[in-house]
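Heads up, the thing below is written out as structure tokens.
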Amino acid sequence: MSGCLFCSIIAGDIPSEKVYEDDAVYAFRDISPQAPVHILVIPKEHIESAARVTKDNSACVARCFEAIALLGEKLGLGDYRVVSNCGARAGQSVFHLHFHVLAGRDMAWPPG
Ligand code: 5GP
Ligand code: ZN
């Protein structure tokens, strides 16, 4: 979608540090890491947020989680947290569905 930061990253118009890509999924390092490992896993299809997942587009969400499991193995992440902020009040700042994968430190619960 034009004007979407993550669509521009998928297209290669904005550089990113890619860690994984397939036909449905792109994964890259967060520009402002909140843990020793902080990866963003995104569907190539533009979906605004978790609130816009439907029967018609949910297959790419499953593909994201397959990629996360693969990355956990490939990068030897050990324990990790997967987070998707849904809506501005929950901390979403980029309105293209994405899963934060955070690893390499102890995680507090509940999050702030
Ligand atoms: P959100 O706040 O929507 O849950 O997550 C958006 C994430 O995208 C943030 O963690 C932010 O650091 C990251 N981000 C924003 N702009 C860029 C960018 O240009 N490149 C990369 N690699 N990450 C970005
Ligand atoms: Zn997008």
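The values are calculated or read from the model by the stated rules, or taken from the named source; none is laboratory data. Everything numeric here is computed off the predicted structure, so don't read it as measured data. Cβ coordinates were reconstructed from backbone atoms using ideal geometry, including for glycine residues, and neighbour counts include every protein chain displayed. To get the accessible areas, we keep the full protein, side chains included, count just its heavy atoms, and leave off ligands, DNA and RNA. Shrake-Rupley method; radii C 1.70, N 1.55, O 1.52, S 1.80 Å.
Quick notes on this structure:
- Helix-only [θ]222 nm of the chain, DSSP H runs n ≥ 4, -39500 (n - 2.57) each, per residue, nearest 500: -6500 deg cm²/dmol
- Simple label model, 7 Å out from Cα along Cβ direction - ILE31 to MET107, nm: 2.4
- Between ALA51 and GLU17, the contour length at 0.36 nm per residue exceeds the alpha carbon distance by 9.5 nm.
- Taking all Cα pairs closer than 8 Å and separated by 6 or more residues, the relative contact order of segment 52-112 comes to 30 percent.
- With all protein chains in place and a 1.4 Å probe, the accessible surface of segment 33-112 carries 53 percent carbon and sulfur.
- The mean accessible area for residues of the chain, using a 1.4 Å probe and ignoring ligands and nucleic acids, is 59 Å² per residue.
- Counted without the sites themselves, the longest stretch of the chain free of GluC sites (Glu not before Pro) in a DSSP loop having at most 16 other beta carbon atoms within 10 Å is 49-112.
- Within the shell defined by Cβ-Cβ distances under 15 Å, the residues around PHE6 carry a net charge of -2, with Lys and Arg each +1 and Asp and Glu each -1.
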